[in-house]
Amino acid sequence: MDNTEFRQWSRRAADWGADYRDSLRERPVRPLVEPGDIFRSIEASPPEGAEPMDRIFADFEEKIVPGMTHWQHPRFFAYFPANAAPVSVVAEYLVSAMAAQCMLWQTSPAATELETRTVDWTRQALGLPDGFSGVIQDSASSATLAAVLTMRERALEWRGNKQGLAGQAKLRIYSSDQVHTSIDRAIWVSGIGEDNLVRIPVTGRFRAMDTEALEAAIVADQKAGMVPAGIIASVGGTSTGGTDDISGVADIARRHGLYLHVDAAWAGSAMICPEYRHFWAGVEQADSIVFNPHKWLGAQFDCSMQFIRRPEDLVRTLAIKPEFLKTHGRDGIINYSEWSVPLGRRFRALKLWFLLRAYGLESLRNMIRNHVAWSEGLAARLAGEPDFEIVTEPMLSLFSFRHLAAAEVDEDDHNLRLVNAINDDGRIYLTQTRVGGRVAIRFQVGQFETTAADVDTAFAVIVEIARGMS
Ligand code: PLP
């Protein structure tokens, strides 16, 4: 592709992107395909000769797009949102065109310095104190892994990377069962082992770790000769929004010298609104906090921000400095690849910079406030219907519910069938979870394009399909 064609096809792609967004409301949110349909439609072997772009593009439209789940659809109420505000997509076009590797300051000084600046803008937007530095990771999973590795190295007095874990004291990490599975993975990958992830029972409406039980578990482990290394707390857990008492947990972490990582991957975006900050009161005492601007804030995936109180601990855990990666003769530079597991890094700060400037914090706050209000409104409407029950009350814009099946029908089975029927219908998209072992249907509002009317449609679809099944 020469530059003339590059220009032509880039324009075509940009037009396609705008047309696509215009057409979203008419599309089913989840595609109507069976497993293997797309795979079978693709040639089994790569072409030996060049194919014309017209044909490649036509195949994209005909074979790929109908098999996509439309995450930018205004009636996407499943999982958590993965918003890509158009302005962040524009920034991504530019990033793709430059295709820079931003692992070191010298491999793209602007990318590094803009990252430092946008992390600090975001810190201010969330109301975090200025003691925090930060880095943009690819995912919350990577941020949590980086935090767990730091916990491990700190607790082993920096011997783990060199000596391995064999022969070391047994490390212990504490969390509830409301945290995301990325925490389990980080414990596996770090070599700490699932048996050493101590699950603390939860209490209360927000399913918070019982802090007395947390402290008792730490003390018991210390007495047994094990080494408590860190605590992972949740603000807005994936299943039903489980949220720990960060202040209480932080007090315990401080008393016992433990590293505290807070996973607010989804809920963190809402903290740009001061009235929601009570959900993470005490967060300023954390050692590490992750939240994903690529979820609710509108920065195109991937963009996961990790705030760190002592970056030197993270760097001591992860930095490797072979000669070929050194920058000589420059003082005071940051090489962000020393703050994360992968070496190569995309230029992620640009889309956040574009986004924050193009919207301004106040319009982002208003959008999030609307989402929370609409979700609360829907929960109240469903609660008012005799054949529905609210399983977990709204935590920000996430709640869960269940349709009450006829007496002779298994209720879990009925609700699983209901989710499938709703998703096959295509007008809205939902997912399920389990609460106390029983199936519950999750509902969250978080898409940039969602309106109050879309949430009304969700109510109508849920009620219509549920009653049609009974
Ligand atoms: N933590 C929470 C609370 C999440 O909801 C998710 C994903 O939805 C993650 C972590 C993992 O995020 P990522 O896909 O960025 O690794």
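Considering (1) out of contact with any strand residue (DSSP E or B) (no Cβ under 9 Å at 6 or more places or on another chain); (2) within 30 Å of Gly332 (Cβ to Cβ); (3) among the hydrophobic types (A, V, I, L, M, F, W, C); (4) surrounded by 14 or more Cβ atoms within 10 Å (Cβ to Cβ), say which one Val119 fails and leave the rest. Unmet condition: (1). Among the residues of the stretch 302-322, those that are surrounded by 24 or more Cβ atoms within 10 Å (Cβ to Cβ) and away from the ligand (no atom under 16 Å from the Cβ) comprise Ile308, Leu314. Taken together, the residues in the stretch 130-145 that are near the ligand (Cβ under 8 Å from one of its atoms), surrounded by fewer than 21 Cβ atoms within 10 Å (Cβ to Cβ) and closer than 15 Å to Thr317 by Cβ amount to 1.
Can you find even one residue in the stretch 156-166 that is part of a helix (DSSP H, G or I) and either open to solvent by less than 10 Å² (accessible area, probe 1.4 Å) or under 30 Å from Phe77 (Cα atoms) (or both)?
Within the stretch 156-166, the subset part of a helix (DSSP H, G or I) is 160-163.
If we keep only those that are either open to solvent by less than 10 Å² (accessible area, probe 1.4 Å) or under 30 Å from Phe77 (Cα atoms) (or both) as well, we get 160.
The answer is yes, given that some residue of the stretch 156-166 is part of a helix (DSSP H, G or I) and either open to solvent by less than 10 Å² (accessible area, probe 1.4 Å) or under 30 Å from Phe77 (Cα atoms) (or both).
Taking the stretch 21-60 as the range and being touching a residue at least 12 places away in the same chain (Cβ under 8 Å) and of a type in the set (Asp, Glu) as the test, only Asp37 passes.
Pairing each residue of the stretch 400-411 that is touching a residue at least 24 places away in the same chain (Cβ under 8 Å) with any residue that is basic (Lys, Arg) and not in a loop (DSSP other than H, G, I, E, B), provided the two are 6+ apart or on different chains, yields C-beta distances under 9 Å for Ser400/Arg442; Phe401/Arg442; Arg402/Arg438; His403/Arg467; Glu411/Arg402; Glu411/Arg438.
Against the condition under 30 Å from Ala84 (Cβ atoms), open to solvent by 30 Å² or more (accessible area, probe 1.4 Å), modelled with pLDDT of 95 or more and more than 16 Å from the ligand (Cβ to nearest atom), how does Arg346 come out, does it pass?
Details: under 30 Å from Ala84 (Cβ atoms): yes; open to solvent by 30 Å² or more (accessible area, probe 1.4 Å): yes; modelled with pLDDT of 95 or more: yes; more than 16 Å from the ligand (Cβ to nearest atom): no.
Considered against the rule, which asks whether it is under 30 Å from Ala84 (Cβ atoms), open to solvent by 30 Å² or more (accessible area, probe 1.4 Å), modelled with pLDDT of 95 or more and more than 16 Å from the ligand (Cβ to nearest atom), Arg346 comes out as no.
Sub-6 Å Cβ pairs linking a first residue in the stretch 175-190 that is at negative phi to a second residue that is assigned to a loop (DSSP other than H, G, I, E, B), at least 6 apart or interchain, are Ser176/Ile200; Gln178/Arg207; Gln178/Gly237; Gln178/Gly242; His180/Thr238, ordered by first then second residue.
So that you can scan it fast, the table gives a plain yes or no per residue for (1) under 29 Å from Ala319 (Cα atoms); (2) under 26 Å from the mean Cα position of the chain (by Cα); (3) among the aliphatic types (A, V, I, L, M):
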| residue | (1), (2), (3) |
| --- | --- |
| Ala44 | no, no, yes |
| Glu61 | no, no, no |
| Gly67 | no, yes, no |
| His70 | no, yes, no |
| Phe80 | no, yes, no |
| Thr112 | yes, yes, no |
| Glu115 | yes, yes, no |
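The set of residues in the stretch 65-98 that are under 20 Å from Ala140 (Cα atoms), open to solvent by less than 40 Å² (accessible area, probe 1.4 Å) and of a type in the set (A, V, I, L, M, F, W, C) comprises Ala78, Phe80, Ala82, Ala84, Ala85. Look at (1) more than 30 Å from Ala91 (Cα to Cα); (2) open to solvent by 60 Å² or more (accessible area, probe 1.4 Å) and you find that Asp19 fails only one, number (1).
Assess whether Thr107 counts as being within 16 Å of the ligand (Cβ to nearest atom), out of contact with any strand residue (DSSP E or B) (no Cβ under 9 Å at 6 or more places or on another chain), open to solvent by 10 Å² or more (accessible area, probe 1.4 Å) and of a type in the set (S, T, N, Q). Here the answer is no, as Thr107 does not meet what is asked. Scanning the stretch 332-342 for residues that are more than 21 Å from the chain's Cα centre (by Cα) and either within 20 Å of Gly446 (Cβ to Cβ) or surrounded by fewer than 16 Cβ atoms within 10 Å (Cβ to Cβ) (or both) yields a count of 2. Restricting His278, His261 to residues that are without any contact (Cβ under 8 Å) to a residue 60 or more places away in the chain and either within 17 Å of Leu396 (Cα to Cα) or within 16 Å of the ligand (Cβ to nearest atom) (or both) narrows the list to His278.
Whenever a residue of the stretch 216-235 is more than 26 Å from Trp280 (Cβ to Cβ), its partners that are open to solvent by 10 Å² or more (accessible area, probe 1.4 Å) and part of a helix (DSSP H, G or I), lying with C-beta atoms within less than 7 angstrom and at least six residues away or across chains, give the pairs Val227/Ala155.
The values are calculated or read from the model by the stated rules, or taken from the named source; none is laboratory data. Treat the numbers as computed from the prediction; the structure is a model and nothing was measured. Reconstructed Cβ throughout: ideal geometry from the backbone, glycine too, with neighbour counts over all protein chains shown. Please note that ligands, DNA and RNA were not included when accessible areas were found on the heavy atoms of the full protein model with its side chains. Shrake-Rupley method; radii C 1.70, N 1.55, O 1.52, S 1.80 Å.
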